[in-house]
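Below you'll find the structure, written out as structure tokens, and then a few comments.
Read the figures in this text as sums done on the coordinates, not as results from a lab. Just so you know, these numbers come straight off a predicted model, no measurement behind them. Reconstructed Cβ throughout: ideal geometry from the backbone, glycine too, with neighbour counts over all protein chains shown.
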Amino acid sequence: MDGETRVPICRDSDIILARQQGRALAAQLGFSSIDQTLIATAISEVARNILLYARQGEIILRPVSQSEKKGITVIARDEGPGIPDLTLALQNGYSTSNSLGLGLPGAKRLMDEFAIVSEVGKGTTVTMTKWTQ
Amino acid sequence: MGEPRHSSTTLALMQELALTEEEIARRKAFLEFHDEDVQRLQELGGLAQQYADEVIEDFYRHLLAFDESRRFFTDPAVLARVKAAQRDYFLRLTRGVYDGAYVEDRLRIGVAHERINLPVALYVGAYGFYLRAVLRRVQEAYQHRPAEVLPLFVSLLKVVFLDMGLAIETYLAQRERTIRLQQEAIRELSTPVLPLRERLLLLPLIGAIDAQRAQQLTAQLLHSIRAYRAKVVVMDITGVPAVDSAVANHFIQTVQAARLMGATVIVSGLSPEVAHTLVRIGVDLGMVHTVGTLQDGIEAAERLLGYTVQKLEPPMLVPHPEEGQ
Amino acid sequence: MRVPILRQGPYLIASIQAAVTDEDLLHLGQEVVERVGQYRSRGVILDVTVLDVMDSFAARTLRDLARAVRLRGAETVIVGIQPEVAFSMVRLGLSLEGVGTALDLEDGLALLDQHVRRRGKGGR
């Protein structure tokens, strides 16, 4: 297994870079073209979340395996203001920054596993994983 | 019992069975296979060298005495080669090194056995014979130190059980892989995409649909829309015995995705029972164009595409190639 | 990379590039709406054939664009959404309601022609 890739997110074009890298890694791990697109889209959503709410942060892409399953873990990390109410943030339609409000709940639907840790004033970390079938 | 070489199959198997250093250590711990066992096996190594040839001869005499095992050794050249490999295999039990390379070697043997369809019962039975043959010789060699026989033999048993675990898992993994490949083949065969007219596709679904097949069908349908430049797709589910809410939701998503591509999907063959079930479990098919029969579906599709079908009077006896264009 | 907007008869055609940023998309929205007025266009085609990801931001921007274009009396058709992209949009819950979609440029132009004919009959 190769090591992980880190993509710093501090401007628009970094979102594109992050999802391109994510798609490339997913392809390398043997994901179907539909799954590659789901992963790239989820990366796009969480990377934009970083830009919108924290202005900067990073996306970490990591190949993972569990017995015979292979997968990809995407970590979106920032040191922004944090999210006060996670339950609310994961509801459809919630948004404070004039986005569609689909960012986090949308990404959650595209991946198999999704976890979020956030501390007000410290930052937010989203960890999500998708497994090959 | 092939040539000792690195094979990609065994390396893939090591990964598939997740046989990392830690996992190998865990297996040894479960067998209570400790350093003193390694020492005892090494001690047994010298004796094993002495009885190796004899044991091999006994071993094959036994195997050749039964029809079910004899059939694997009809070729004398193969028999000679297999005997040599088997001798190495047994000697490695008492060589005192049980690391990743050892495990890989054992998996290789498992793969070879699976390939020739050697029944598991024969493998286990032959190992049993080997153990009895060795026990007799150890007892003879240690007749003046009988107390040492049992600990030696128990150490040998531990490593043999390590081997058997690996071999049987190899069998299972290979079988599972075969089943997986066959399932994929059946899936591909089971859903043809039929171009019915220009820009009209028919997708007759047959058989049970689980989440994985549903996703494959979606991919197939969406790619076919692009490949055939389809405007209308009739998805006929007459041959689908049951539709649960997960599959129904997948159909709804597929219909929506097709619309985003600019195509309309008509679902036909929804039996009254299936329709009833879907209503009861609360699936809203409001967004999906559904019709009762395949014929209704094709007629609806033709209307969408602007075709009108007219029956010719009197009916022609020989179908004309341009009929219905 | 800015998205080029071509004028073809009564229609505008914008072909979105693969690596289009959020800013480029927002800019495209403004530009299209301005030009629809400037050229009195009857329809807009957004060609997204090369787009390999359509996230919620892009979908919202295109939907808003189509709504603004309609307020100016023209129709928008999005063409070329790839199979994978379409599936991923549906999973995300993005359905582009109220926006026309077509397989490719040819179909998109035919769809716009239909709209224009219908409107003509309706006396507008």
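Ranking B:PRO272, B:HIS62, B:ALA12 by Cα position along the charge dipole of chain B, where only Lys, Arg, Asp and Glu carry charges on their C-beta atoms, puts B:ALA12 farthest toward the positive end.
Since only B:TYR142, B:THR74, B:LEU221 are under comparison, the one whose Cα sits farthest along the positive direction of the charge dipole of the protein assembly as shown, derived from C-beta charges on Lys, Arg, Asp and Glu, is B:LEU221. Take each residue in C:105-115, count the other chain C-beta atoms within 10 Å of its C-beta, and the mean is 1. Shape class of the range B:1-85 from the Cα gyration tensor (axes a ≥ b ≥ c, square roots of the eigenvalues): oblate, since a/c reaches 1.5 or more and a/b does not exceed b/c. When only Cα pairs under 8 Å and 6 or more residues apart are kept, what is the percent relative contact order across chain C? Across chain C, relative contact order equals 23 percent.
What is the antiparallel percent of DSSP beta bridges lying wholly in the range B:194-305, to the nearest 5? Here the share of antiparallel DSSP bridges comes out near 20 percent. In chain C, what percentage of the DSSP-assigned beta bridges are antiparallel, given to the nearest 5? Antiparallel bridges make up about 25 percent of those DSSP assigns within chain C. Can you give the average number of partner chain beta-carbon atoms within 10 Å of each beta-carbon in peptide C:18-28, as a whole number? Across the residues of C:18-28, the mean count of other-chain Cβ atoms within 10 Å is 3. Rounded to the nearest 20, the size of the Cβ-charge dipole of the range B:194-305 about its Cα centre is 440 debye, with Lys and Arg at +1 and Asp and Glu at -1. Computed from backbone phi with θ = phi - 60° and the Karplus coefficients 6.51, -1.76 and 1.60, the 3J(HN,Hα) list for the range B:161-178 is 5, 4, 4, 5, x, 5, 5, 5, 5, 4, 3, 4, 4, 5, 4, 4, 5, 4 Hz; x is used for glycine and proline. Computed from label points 7 Å out along Cα-Cβ, the spacing between B:GLU273 and B:ARG87 is 6.6 nm. Farthest toward the positive end of the dipole of chain C, out of C:ILE81, C:ALA102, C:ILE16, is the Cα of C:ALA102, where the dipole comes from beta carbon charges about the Cα centre. For the range C:11-18, the Karplus equation 6.51 cos²θ - 1.76 cosθ + 1.60, evaluated at θ = phi - 60°, returns couplings of 10, 10, 10, 10, 9, 6, 8, 4 Hz by residue, with Gly and Pro reported as x.
Beta bridges assigned by DSSP with both partners in the protein assembly as shown are antiparallel in approximately 60 percent of cases. Assign one of three labels to the range B:8-185, namely rounded, prolate or oblate, based on the Cα gyration tensor with a ≥ b ≥ c the square roots of its eigenvalues; rounded applies when a/c is under 1.5, prolate when it is not and a/b is larger than b/c, and oblate otherwise. Judged from the Cα gyration tensor, the range B:8-185 comes out oblate (a/c at least 1.5, b/c at or above a/b).
Model label sites at B:THR74 and B:GLN39, defined 7 Å from Cα along the beta-carbon direction, differ in position by 5.1 nm.
The helix-based estimate of mean residue ellipticity at 222 nm for the protein assembly as shown, built from -39,500 (n - 2.57) per DSSP H run of four or more residues and divided by its residue count, is -18000 deg cm²/dmol to the nearest 500. Computed 3J(HN,Hα) for the range B:38-53, one whole-Hz value per residue from the Karplus formula 6.51 cos²θ - 1.76 cosθ + 1.60 where θ = phi - 60°, is 4, 4, 5, 5, 5, 4, 5, x, x, 5, 4, 4, 5, 8, 3, 5, glycine and proline marked x.
Computed from Cα atoms, the angle from the helix A:33-53 axis to the main principal axis of chain A rounds to 30 degrees.
If you count Lys pairs in the protein assembly as shown whose Cα atoms are under 14 Å apart, skipping same-chain pairs closer than 8 places in sequence, the total is 4. About the centre of its Cα atoms, chain A shows a dipole size close to 160 debye [charges on the beta carbon of Lys, Arg (+1) and Asp, Glu (-1) only; nearest 20 debye]. Overall, the protein assembly as shown carries a charge dipole of about 1400 debye about its Cα centre when +1 sits on the Cβ of Lys and Arg and -1 on the Cβ of Asp and Glu, all other atoms neutral. The relative contact order of chain B, computed from alpha carbon pairs under 8 Å that lie at least 6 residues apart in sequence, is 14 percent. Remark: B:ASP163, B:ASP67, B:ASP75, C:ASP113 ranked as B:ASP67, B:ASP75, C:ASP113, B:ASP163, counting other beta-carbon atoms within 10 Å and listing the fewest first.
Ordered by the count of other Cβ atoms within 10 Å of each Cβ, fewest first, C:ASP64, C:ASP55 give C:ASP64, C:ASP55. Listing C:LEU6, B:LEU91, C:LEU112 from fewest to most neighbouring C-beta atoms within 10 Å gives C:LEU6, B:LEU91, C:LEU112. Can you bin the range A:5-131 into rounded, prolate or oblate? Criterion: square roots of the alpha carbon gyration tensor eigenvalues sorted a ≥ b ≥ c, rounded for a/c under 1.5, prolate for a/b above b/c, oblate for the rest. It comes out prolate by the Cα gyration axes.
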